[in-house]
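The block underneath contains the structure these notes are about, expressed in structure tokens.
The values are calculated or read from the model by the stated rules, or taken from the named source; none is laboratory data. On a predicted model such as this, the values are computed, not experimentally measured, just so you know. In this analysis, Cβ positions are derived from the backbone assuming ideal geometry, glycine residues included, and neighbour counts consider all displayed protein chains. These accessible areas exclude ligands, DNA and RNA; they are computed on the full protein's heavy atoms, side chains included. Shrake-Rupley method; radii C 1.70, N 1.55, O 1.52, S 1.80 Å.
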Amino acid sequence: MTDLPQHDIADPSLRAQGVARIEWAERSMPVLRQIRERFAKERPFEGQRFAACMHMTTETAVLLRTLKAGGAELAACASNPLSTQDDTMAALVHEYGISVFARNGVDRDAYYAHINAALDIRPDFVFDDGCDLVNTLHTTRKELLEAIKAGCEETTTGVVRLRQMAADDALRFPVVAVNDTDTKHMFDNRYGTGQSSLDAIMRATNLLFAGKTVVIGGFGYCGKGLAERAAGLGAHVVVTEIDPTKALDATMQGYRVMPMLEAARIGDVFITVTSNRGALRPEHFEVMKDGAILANAGHFDIEVDVAGLGEMAVEKRSRIRHQTDEYILADGRRLLLVAEGRLVNLGAAEGHPASVMDMSFADQALTAEWLTKTYASLEPGVVDVPTEIDKHVARVKLETMGIQIDTLTSDQETYMNSWEFGS
Ligand code: SAH
């Protein structure tokens, strides 16, 4: 066993189960499979070291295998302690020879120890989901910054943090906002979050959505997806916003829009996707109905003020159901918090289904390949994915679905590229 990669995982005996699950995910990831076949021939990452901090799921395993097939030397760790699938980790280390530092449910210290262990590979390129790895690099592992050529960021909140770093002139290498491609945020954020978050709340609480009032905090792509799916299940959807245009959009899509303090009184389920902290806080808990369900599908465990809830409660009954804690308030009302206020879809279910991660991770893999060729010409800061990659992923995904589309005639092409013609 001398050739086993460096690792810290929970249970190697789960390997076979992990392999079966990764293979299952792969069936729904045809775009990434195609990329892997090409990478295996062309080896674009030969001699490059990658560190990846992502949700350690079966879908991420398919991405990591794709990067490894391209010749990369890899170390991976978790971007969230609740989403790690221990069986998948056993397969990555013991079947696929990938270095992994991730165990489900670790505390904050172990979480950062794992990030540091992955960084010990001394990466050329980094992959992040939520900016914790990039943040660690810029605060406690500065000695590694010099060697880093570029990075990729997977999620909205990570891109928000990176833009703040860039505005402060603090970001020391180029990071590509993979989240901002159309083939990522229009699908992953919308259909992925929409379905998987409701799936998680159902698994956790066995709730019937029909007839319930579901309050959605934030009407970005994630919020839109949640609203559509909750409405589809027969719920009354209420949206809260701080942006007038988004609030107007939600209104014209037929949802009720009101301040959270008002919504707090009528909601049966609350789902936050604001990318800020304190979307739900004590003043809201104060007026909620007995039995209200609280979940976050946005940003870490700070959108719901969990600490504030803990202080208000006279008693906490942990894990009264799968990933559900009950907080009992002084007047006897019970509030239910799913997945500790961490990302509900990854904490209480499996995250987005593979067929949507196929596109997000095809964007990641192709962006990484592009970066190996272009990093030297990029300035430190937030960089966009080239449009050709975005369109290519959409085109291949359609092909794998057996769907054909039209192309412009040369006459139409001329018309689109000119301004002289009138109507
Ligand atoms: N790391 C932070 C930030 C939000 S993560 C946190 O954990 O709180 C949100 C990202 O998770 C999305 O951008 C999405 O692409 C990713 N994700 C969702 N389902 C996933 C899955 N099955 N496997 C890997 N990543 C997934």
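Panel values: the stretch 195-248, Kirkwood radius from alpha carbon pairs, Stokes-Einstein at 10 °C and 1.306 mPa s, translational diffusion coefficient 139 µm²/s.
With the simple spin-label model, which puts each label point 7 Å out from Cα in the Cβ direction, the Glu23 to Arg395 separation comes to 3.3 nm. If only the Cβ of Lys and Arg carry +1 and only the Cβ of Asp and Glu carry -1, the dipole of the chain around its Cα centre is close to 740 debye.
Straight Cα distances below 30 angstrom link Lys224 to the lysines Lys184, Lys212, Lys246, Lys289, Lys391, Lys397, with same-chain residues fewer than 8 positions distant left out.
Once you divide the Cα radius of gyration of the stretch 276-386 by 2.2 N^0.38 Å, the number left is 1.51.
I'd like the per residue volume of the convex hull spanned by the Cα atoms of the chain, given in cubic angstrom.
Values: hull volume 74.1 nm³, N = 423.
Output value, Cα hull per residue: 175 Å³.
Rounded, prolate or oblate, given the Cα gyration tensor of the stretch 375-423, with a/c below 1.5 counting as rounded? Since a/c reaches 1.5 but b/c is at least a/b, the shape of the stretch 375-423 is classed as oblate. Over all pairs of different C-alpha atoms in the stretch 106-171, the reciprocal of the mean inverse distance, the Kirkwood hydrodynamic radius, equals 12.2 Å.
Within the listed set Asn116, Asn80, Asn296, the residue fluctuating most in the Gaussian network model of the chain (springs between alpha-carbon atoms under 10 angstrom) is Asn116. Label the stretch 76-131 by shape, choosing from rounded, prolate and oblate, from the square roots a ≥ b ≥ c of the eigenvalues of the Cα gyration tensor; if a/c is under 1.5 it is rounded, and otherwise prolate applies when a/b is larger than b/c, oblate when it is not. Judged from the Cα gyration tensor, the stretch 76-131 comes out oblate (a/c at least 1.5, b/c at or above a/b). Computed 3J(HN,Hα) for the stretch 261-278, one whole-Hz value per residue from the Karplus formula 6.51 cos²θ - 1.76 cosθ + 1.60 where θ = phi - 60°, is 4, 6, 4, 4, 6, 10, x, 9, 9, 10, 10, 9, 9, 9, 6, 10, 9, x, glycine and proline marked x.
For the chain, set up a Gaussian network in which alpha carbons nearer than 10 Å are linked by springs, and say which option among Val396, Val134, Val126 fluctuates the most. The residue with the greatest mean-square fluctuation here is Val396. Compared with the direct C-alpha span, the chain from Thr139 to Phe300 gains 56.0 nm at full extension, assuming 0.36 nm per residue. Its residue count N sets the reference 2.2 N^0.38 Å, and the alpha-carbon radius of gyration of the stretch 1-128 equals 0.98 times that reference. Scanning residues 5 or more positions from Arg256 or on other chains, those with amide H under 5 Å from its amide H are Val237, Val239, with H placed 1.01 Å from N in the peptide plane.
Taking amide H positions as modeled 1.01 Å from N, with prolines and chain starts lacking one, the residues under 5 Å from Ala150 and 5 or more places away or on another chain are Val126. Label Leu261 and His322 with points 7 Å out from Cα along Cα→Cβ: what is the distance between them in nm? Label-label distance for Leu261 and His322, simple model: 3.8 nm. Kirkwood radius and radius of gyration were both taken over the C-alpha atoms of the stretch 264-330, and their ratio Rg/Rh is 0.93.
Tyr327 exposes around 10 Å² of accessible area when a 1.4 Å probe is run over every protein chain in place. Placing pseudo-labels 7 Å out from each Cα toward the beta carbon at Phe421 and Ala231 gives an inter-label distance of 3.7 nm.
Label the stretch 340-379 by shape, choosing from rounded, prolate and oblate, from the square roots a ≥ b ≥ c of the eigenvalues of the Cα gyration tensor; if a/c is under 1.5 it is rounded, and otherwise prolate applies when a/b is larger than b/c, oblate when it is not.
Numbers: a/c = 6.29, a/b = 2.24, b/c = 2.81.
Taking the square roots of the gyration eigenvalues as a ≥ b ≥ c, the stretch 340-379 is oblate.
Look at where the Cα atoms of the stretch 42-88 and of the stretch 190-234 average out, and the two centres are 29 Å apart. Ligands, DNA and RNA are left out, and with a 1.4 angstrom probe the accessible area of the stretch 1-133 is 39 Å² per residue. Residues whose amide H lies under 5 Å from that of Phe173, counting only those 5 or more places away or on a different chain, are Gly381; hydrogens are built 1.01 Å from N in the peptide plane. Working note: Cα atoms of the stretch 212-278, range along each principal axis, descending, whole Å: 26, 23, 17.
Residues in the stretch 281-297 carry Karplus couplings, in order, of 9, x, 4, 7, 4, 3, 10, 6, 6, 4, x, 4, 9, 10, 8, 10, 10 Hz; the curve used is 6.51 cos²θ - 1.76 cosθ + 1.60 with θ = phi - 60°, and Gly or Pro positions show x. Here the chain has 49 percent of its accessible surface on carbon and sulfur atoms, given a 1.4 Å probe and all protein chains in place. In order along the stretch 311-324, the phi-based Karplus estimate (6.51 cos²θ - 1.76 cosθ + 1.60, θ = phi - 60°) of 3J(HN,Hα) comes to 5, 6, 6, 8, 8, 10, 10, 6, 6, 6, 8, 3, 6, 10 Hz; Gly and Pro are listed as x. Computed over the chain with a Gaussian network model linking Cα atoms closer than 10 Å, the most mobile of Leu137, Leu346, Leu207 is Leu207. Estimated from helical segments only, the mean residue ellipticity of the chain at 222 nm is -12500 deg cm²/dmol, where each DSSP H run of four or more residues counts as -39500 (n - 2.57).
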